[in-house]
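Right, one structure below, let's go through it.
The values are calculated or read from the model by the stated rules, or taken from the named source; none is laboratory data. Bear in mind that the values here come from a model prediction, so they are computed numbers and not experimental data. Cβ atoms come from the backbone with ideal geometry, glycine included; neighbour counts cover every protein chain shown. We work out accessible area using only protein heavy atoms, side chains counted, and drop any ligands, DNA or RNA first. Shrake-Rupley method; radii C 1.70, N 1.55, O 1.52, S 1.80 Å.
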Amino acid sequence: MKKITSLIAISFIFLTSASFARQAAFNGDSYSISLNYNEVASPGDAVFVRMNVSRTKTAKADLSGTEAKLELIVDGKSVRSSNFYVLGKAKKEGKTMLTGIPLSSWWTMDNKCSLKISYKISNETKEFSLPFSLDNKSFISETIKLNETNTAIKTDTSTKRMNQISKLNTILETINPHNVYSTKPFVPPVESTRRTSYFADRRVFQYSSGNSSTSLHLGIDYGVPTGTEVRAPAEGKVVMAEERISTGWSVVIEHLPGLYSLYYHMNELKVKKGDSVKAGTLLGHSGATGLATGPHLHWEVRLNLEAVSPDFFTTNFAFEPTEN
Ligand SMILES: [Zn+2]
């Protein structure tokens with residue numbers, strides 16, 4: 001098979017549709033491509049690209065097998081990549097695809113970024129670049145004193161805890177291209193907007209022994225009383241519902257290939273592994289199980305294993321066309 005690689009970036013027409021969203025279009029002889037993506041994002045957010053490939057009226061080519069890959073270039077190096085998955089049905093006439101890449105909360109606006117998309121269409125491989133940049137975001141630093149019980153949990157290196165960690169990571173690193181459940185904006189899991197910790201807080205844990213360790217807070221903590229209803233933010237499938245040493249009663253929901261939402265320290269669960277959920281389905285009630293200094297709900301979102309800001313997913317991150 002002969003592979004042809006050509007750069008077609010100059011043929012794209014860019015249109016700004018919102019403050020951070022870009023639309024771009026390429027019109028060729030036999031097919032056209034239209035793109036929507038967030039051209040600017042904060043460290044700890046994600047970049048999502050929605051790509052529509054369609055053949056021109058007179059063309060005969062079968063576009064149903066079109067494949068595409070997104071790469072993030074940071075300071076001249078390709079650091080992350082993610083394959084596009086299909087939204088809806090792939091047809092000969094064309095298809096709509098989506099993918100996202102997590103952005104590290106350690107990067108800053110000084111990191112020079114760009115995106116590269118490569119795609120295989122009718123046995124030809126092509127690629128093009130898209131402009132992309134990070135904006136300025138600062139994160140909170142905090143010191144948390146742990147009592148003996150919480151110190152014991154945090155420093156627990158038992159086989160049981162290590163197995164729980166590797167079991168969760170195995171789930172979170174699974175990217176099944178067929179598991180497309182929801183592309184709608186997430187609805188926050190509790191009604192309360194009272195936050196006691198934020199995404200990507202830089203934490204120092206002071207142990208009861210006098211030692212300390214540093215870590216990153218991977219989600220948002222809502223300071224809600226034990227018994228508060230916790231609801232699914234969007235359609236998906238429950239892939240974990242069990243008690244864990246450090247996170248207490250925990251739920252993990254799969255929403256898109258590589259995209260998961262997590263709920264920790266619950267008092268009781270109302271779903272089990274394998275359940276299908278919709279936006280608003282009751283997952284359980286909040287509590288203070290596992291490593292918790294008081295009752296709260298920890299809400300976390302993972303994309304391709306990396307923790308990303310849950311707030312980003314309450315926006316129209318997948319560029320769903322708005323219904324009129
Ligand atoms: Zn938390």
**Q.** Scope segment 167-191; condition open to solvent by 50 Å² or more (accessible area, probe 1.4 Å) and not in a loop (DSSP other than H, G, I, E, B); matching residues
**A.** K167, N169, T170
**Q.** Unique residue being more than 16 Å from the ligand (Cβ to nearest atom), in contact (Cβ under 8 Å) with a residue 24 or more places away in the chain and in contact with a helix residue (DSSP H, G or I) (Cβ under 6 Å, 6 or more places away or on another chain) when the list is S208, S182, S246
**A.** S208
Q: Sort out which residues of segment 294-324 are within 16 Å of the ligand (Cβ to nearest atom) and touching a helix residue (DSSP H, G or I) at 6+ places or on another chain (Cβ under 6 Å), and write them in order of number.
A: W299, V301, R302
**Q.** Selected residue (only one of T143, T149 is open to solvent by 60 Å² or more (accessible area, probe 1.4 Å) and either assigned to a strand (DSSP E or B) or in contact with a helix residue (DSSP H, G or I) (Cβ under 7 Å, 6 or more places away or on another chain) (or both))
**A.** T143
Q) Limited to segment 110-135, what total is found for residues that are free of Cβ contacts under 8 Å to residues at least 60 places away in the same chain and open to solvent by 50 Å² or more (accessible area, probe 1.4 Å)? A) 4
Q: Report, by residue number, each residue of segment 219-243 that is open to solvent by less than 60 Å² (accessible area, probe 1.4 Å) and either within 16 Å of the ligand (Cβ to nearest atom) or assigned to a loop (DSSP other than H, G, I, E, B) (or both).
A: G219, I220, D221, Y222, G223, V224, G227, T228, V230, A232, P233, A234
Q. Mind checking which residues of segment 260-318 are open to solvent by 20 Å² or more (accessible area, probe 1.4 Å), assigned to a loop (DSSP other than H, G, I, E, B) and in contact (Cβ under 8 Å) with a residue 60 or more places away in the chain?
A. A279, G280, A288, G290, L291, T293, G294, P295, N304, L305, T315, N316
Q: Determine whether segment 196-214 contains at least one residue that is in a loop (DSSP other than H, G, I, E, B), out of contact with any Pro (no Cβ under 9 Å at 6 or more places or on another chain) and closer than 21 Å to D45 by Cβ.
A: yes
Q.
Please go through (1) surrounded by 18 or more Cβ atoms within 10 Å (Cβ to Cβ); (2) modelled with pLDDT under 95 for E323 and return the number of the only condition it doesn't satisfy.
A. (1)
Q | Given (1) outside any strand (DSSP E or B); (2) surrounded by fewer than 19 Cβ atoms within 10 Å (Cβ to Cβ); (3) at pLDDT 90 or above, index of the condition L63 fails | A | (2)
Q.
Against the condition surrounded by 15 or more Cβ atoms within 10 Å (Cβ to Cβ) and of a type outside the set (D, E), how does T99 come out, does it pass?
A. yes
